[in-house]
């Protein structure tokens with residue numbers, strides 16, 4: 001078999017130059033020297049397998065260390081990957097904690113349909129926190145004007161929901177590559193009794209040891225896919241064949257442009273008179289609610305297309321998120337207050 | 001240099017390399033990382049524009065300050081320093097990289113230890129003009145203490161010494177002496193200019209005498225963790241999977257992340273600390289069943305007998321060298337908290353998936369990490385101190401030494417009142433044998 005490969009290196013399989021390198025030949029030679037020596041293994045996980053394994057390890061730690069964990073589900077690709085990882089981590093047992101969706105009331109219809117289908121498919125429980133309820137109770141005040149968004153208001157609803165159900169660990173799909181303040185986030189991120197983050201006083205996190213001990217009233221945010229990049233997420237979705245909301249693929253839609261960002265022309269998004277509606281072929285690169293999700297001009301129809309598009313993109317995925325553009329430290333400020 | 005696009009399989013087969021960077025204030029660490037990201041085309045236009053805007057506002061300079069790419073917090077940008085460990089990501093067609101960017105100030109030793117704890121490679125930056133300074137030694141000591149398998153000494157700011165071969169060689173000679181004392185393995189030296197990009201991603205055209213690799217090429221090709229699958233097999237039990245459902249009525253699986261070696265279906269295993277023996281009948285990964293699994297896979301193992309296994313137990317192969325099972329543990333610790341450690345103090349211990357309590361029996365000595373001398377007359381272990389201690393735990397631990405296994409050989413100490421993580425411990429059997437530099 002090896003001889004065959006040596007003589008016909010390109011026969012049948014697409015052998016890339018990496019195959020000739022050290023690891024492969026060491027494996028071949030070791031097998032030849034002592035085929036019975038099963039202890040000599042130089043298998044390495046691919047980076048996607050290693051990331052998956054790390055995330056599953058963290059999900060299981062959360063299930064073991066906390067009494068009432070919850071998974072924050074937004075309907076975006078990161079939380080979809082989180083949902084599938086959670087399913088894998090505990091299979092064949094049921095997912096041992098509910099999903100929570102903080103609904104701004106400004107969601108794309110597709111997001112809600114997808115959410116309900118997924119919960120059914122994975123056999124998970126769903127808790128919905130409504131921003132509208134927080135507004136009705138006077139706990140949150142609606143922003144005014146054309147750039148009004150309920151993005152910031154979600155923090156109130158989120159903290160209220162966590163408190164109401166006494167959730168002590170909230171799992172989120174935030175990644176460190178997304179934003180510079182998130183690059184300093186721990187996997188197990190401690191929050192005080194006000195739900196706030198103190199970036200200068202984070203617990204040191206060494207090796208793979210996670211300390212989820214807390215005082216009464218405090219909680220943790222946990223980010224199992226911290227080490228994944230946008231590209232890793234897409235490649236994983238491809239590798240695992242995970243179905244996505246249709247918003248991620250190209251479609252025709254009525255849109256308008258504001259400050260260089262393309263938005264969906266929907267009733268939830270008030271327009272100035274000068275902002276005219278056009279029909280364009282677009283897709284979402286990230287999905288937030290309608291008021292903060294910028295669309296990308298794209299004809300990407302398949303996961304492979306999307307991966308190609310991202311690989312050649314020169315703009316970050318959050319480049320289209322108006323919620324980050326409010327100031328240089330917009331994310332840091334929101335995180336300190338208890339945002340996702 | 002960008003990620004392969006059409007060749008999806010190429011990307012799916014990439015390896016992961018984790019490295020840490022350490023340097024003193026102003027020796028260009030953030031600039032180096034900015035350069036790696038920038039030249040490997042991992043910086044996006046909107047990030048670059050934000051940095052350009054910030055460079056102008058903070059320094060009035062037209063030149064892009066690449067360091068601003070990595071300083072994430074407001075206070076860091078205002079003070080021009082790095083406060084906390086920041087994680088950065090980039091990929092080339094060969095590997096995906098995770099950088100733990102650690103601040104270099106003396107008071108942030110704890111961050112350096114944190115960043116180094118998961119690293120395969122440590123990059124230590126030395127300013128060519130200043131040569132090896134106290135902090136370079138401190139960083140090297142930590143690389144040695146945490147036993148990072150590869151060290152790259154990047155002699156930076158070579159442009160400011162006219163790419164002098166003599167300057168580079170002098171630093172190299174001096175460092176090699178330190179490396180020997182510290183028992184550092186696999187040390188490589190590279191002359192670079194992070195600001196101009198020489199030898200970072202692209203070979204320099206200014207120093208014809210340097211025939212070695214660029215930093216990025218080195219990072220792409222360094223062999224990493226080749227040995228971990230040949231260690232004695234270890235599975236710290238994290239979680240018991242019991243579906244209680246009709247389809248999986250009798251299913252009982254032990255979930256965990258393999259932390260050394262390889263497990264196969266049919267292997268005879270021992271569960272510690274009870275020493276119960278059994279045999280692996282299945283290895284599950286999600287909905288799939290595997291014949292074998294290796295480090296660092298997260299799996300669920302099922303055993304032949306209905307044995308009593310709980311979180312914190314350790315599953316090992318019966319035929320392989322066994323870990324030590326004992327309540328007496330000897331440690332090197334790095335203290336991470338402003339409240340000092342004292343003899344007689346009690347702490348919560350987290351070791352692999354086990355949690356228990358421990359009392360500090362003896363502080364043997366502290367290490368002066370600048371002179372590598374032992375301090376025996378002062379037993380108060382303060383923040384950033386390194387010390388050799390002995391502890392006694394409530395439940396026995398199942399451990400290897402840190403030099404044998406990074407997972408079963410490490411633990412953290414947690415304050416009983418504040419629940420803060422206050423100490424990082426590396427288990428030693430015998431200081432002479434353990435290739436620690438003390």
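The values are calculated or read from the model by the stated rules, or taken from the named source; none is laboratory data. Being a predicted model, the structure only gives us computed values, none of them experimental. Ideal geometry is used to build each Cβ from the backbone, glycine not excepted, and the neighbour counts take in all protein chains shown.
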- Note on the structure: Over the range B:115-127, the set of residues more than 14 Å from chain A (Cβ to nearest Cβ) and surrounded by fewer than 24 Cβ atoms within 10 Å (Cβ to Cβ) is B:121, B:127
- Message: Quick check on my filter: what residues within the range A:210-236 are within 30 Å of residue A:307 (Cα to Cα) and part of a loop (DSSP other than H, G, I, E, B)?
- Response: A:223, A:224, A:225, A:226, A:227, A:228, A:229
- Where residue A:42 falls short, out of the listed (1) more than 14 Å from chain B (Cβ to nearest Cβ); (2) farther than 30 Å from residue B:355 by Cβ; (3) buried (at least 18 other Cβ atoms within 10 Å of the Cβ); (4) modelled with pLDDT under 95: (1)
- Of the residues in the range A:219-229 that are facing chain B (nearest Cβ under 9 Å) and free of Cβ contacts under 8 Å to residues at least 60 places away in the same chain, the one that is farthest from residue B:145 (Cα to Cα) is A:229
- Identify the single condition in (1) touching a helix residue (DSSP H, G or I) at 6+ places or on another chain (Cβ under 9 Å); (2) not in a helix (DSSP H, G or I); (3) not assigned by TED's automatic domain parsing to the domain that holds residue A:68 that residue A:239 does not satisfy, given that it satisfies every other one. (2)
- Mind listing just one residue for me: the one in the range A:230-241 that is at pLDDT 90 or above, at the interface with chain B (Cβ under 9 Å from one of its Cβ atoms) and surrounded by fewer than 24 Cβ atoms within 10 Å (Cβ to Cβ) and, of those, nearest to residue A:54 (Cα to Cα)? A:239
- Item | Which numbered condition residue B:218 fails, given (1) more than 14 Å from every other protein chain (Cβ to nearest Cβ); (2) touching a residue at least 60 places away in the same chain (Cβ under 8 Å); (3) over 22 Å from the mean Cα position of the chain (by Cα); (4) surrounded by fewer than 20 Cβ atoms within 10 Å (Cβ to Cβ) | (3)
- Task: Looking for whichever is more than 22 Å from residue B:229 (Cβ to Cβ) and touching a strand residue (DSSP E or B) at 6+ places or on another chain (Cβ under 9 Å) here; the options are B:361, B:317. Which one fits?
- Result: B:361
- Of the residues B:352, B:358, B:387, which is touching a residue at least 24 places away in the same chain (Cβ under 8 Å) and on the phi > 0 side of the Ramachandran plot? B:352
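Each row is one residue, and each column tells you yes or no for (1) within 31 Å of the chain's Cα centre (by Cα); (2) modelled with pLDDT of 95 or more; (3) assigned to a loop (DSSP other than H, G, I, E, B).
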{"position": "B:263", "(1), (2), (3)": "yes, yes, no"}
{"position": "B:266", "(1), (2), (3)": "no, yes, yes"}
{"position": "B:269", "(1), (2), (3)": "yes, yes, no"}
{"position": "B:278", "(1), (2), (3)": "no, yes, no"}
{"position": "B:284", "(1), (2), (3)": "yes, yes, no"}
{"position": "B:301", "(1), (2), (3)": "yes, yes, no"}
{"position": "B:305", "(1), (2), (3)": "no, no, yes"}
{"position": "B:308", "(1), (2), (3)": "no, no, yes"}
{"position": "B:312", "(1), (2), (3)": "yes, yes, yes"}
- Query: Got a number for residues in the range B:77-90 being out of contact with any strand residue (DSSP E or B) (no Cβ under 7 Å at 6 or more places or on another chain) and either modelled with pLDDT of 80 or more or away from chain A (no Cβ under 11 Å) (or both)?
  - Reply: 3
- Task: Name every residue in the range A:193-217 that is under 21 Å from residue B:85 (Cβ atoms) and more than 10 Å from chain B (Cβ to nearest Cβ), in order of residue number.
- Result: A:196, A:197, A:198
- Task: Report, by residue number, each residue of the range A:130-154 that is surrounded by fewer than 22 Cβ atoms within 10 Å (Cβ to Cβ), in contact with a strand residue (DSSP E or B) (Cβ under 9 Å, 6 or more places away or on another chain) and modelled with pLDDT under 85.
- Result: A:132, A:136, A:146, A:147
- Query: Counting only residues that are touching a helix residue (DSSP H, G or I) at 6+ places or on another chain (Cβ under 6 Å) and within 13 Å of chain B (Cβ to nearest Cβ), how many does the range A:89-107 have?
  - Reply: 3
- Message: Being in a strand (DSSP E or B) and at pLDDT 95 or above: is that true of residue B:316 here?
- Response: yes
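Output the residues belonging to the range B:204-256 that are closer than 30 Å to residue B:158 by Cβ and not in a loop (DSSP other than H, G, I, E, B). Give the derivation first.
Of the range B:204-256, the ones closer than 30 Å to residue B:158 by Cβ are B:204-224.
Answer for the range B:204-256, where residues must be closer than 30 Å to residue B:158 by Cβ and not in a loop (DSSP other than H, G, I, E, B): B:215, B:216, B:217, B:218, B:219, B:220, B:221.
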- Query: Going by the conditions given, is residue B:357 farther than 25 Å from residue B:147 by Cα, within 13 Å of chain A (Cβ to nearest Cβ) and not in a loop (DSSP other than H, G, I, E, B)?
  - Reply: yes
- Of B:224, B:202, which residue is surrounded by fewer than 21 Cβ atoms within 10 Å (Cβ to Cβ), under 30 Å from residue B:284 (Cβ atoms) and touching a residue at least 60 places away in the same chain (Cβ under 8 Å)? B:224
- Note on the structure: The condition from (1) at positive phi; (2) in contact with a helix residue (DSSP H, G or I) (Cβ under 7 Å, 6 or more places away or on another chain) that residue A:260 misses is numbered (2)
- Task: Go through the residues of the range A:60-76 one by one and say whether even a single one is exposed (fewer than 15 other Cβ atoms within 10 Å of the Cβ) and at pLDDT 90 or above.
- Result: yes
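Determine, yes or no, whether residue A:276 is in contact with a strand residue (DSSP E or B) (Cβ under 8 Å, 6 or more places away or on another chain) and assigned to a loop (DSSP other than H, G, I, E, B).
Values: in contact with a strand residue (DSSP E or B) (Cβ under 8 Å, 6 or more places away or on another chain): yes; assigned to a loop (DSSP other than H, G, I, E, B): yes.
Taking the combined requirement at face value, the residue satisfies it.
Every residue, every condition in (1) away from chain A (no Cβ under 14 Å); (2) in contact with a strand residue (DSSP E or B) (Cβ under 7 Å, 6 or more places away or on another chain), yes or no:
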residue	(1), (2)
B:200	yes, no
B:209	yes, no
B:213	yes, no
B:232	no, yes
B:239	no, yes
B:245	no, no
B:249	no, no
B:253	no, yes
- Task: Answer with yes or no whether residue A:187 is under 27 Å from residue A:115 (Cα atoms) and either crowded, with 19+ Cβ neighbours inside 10 Å or assigned by TED's automatic domain parsing to the domain that holds residue A:100 (or both).
- Result: yes
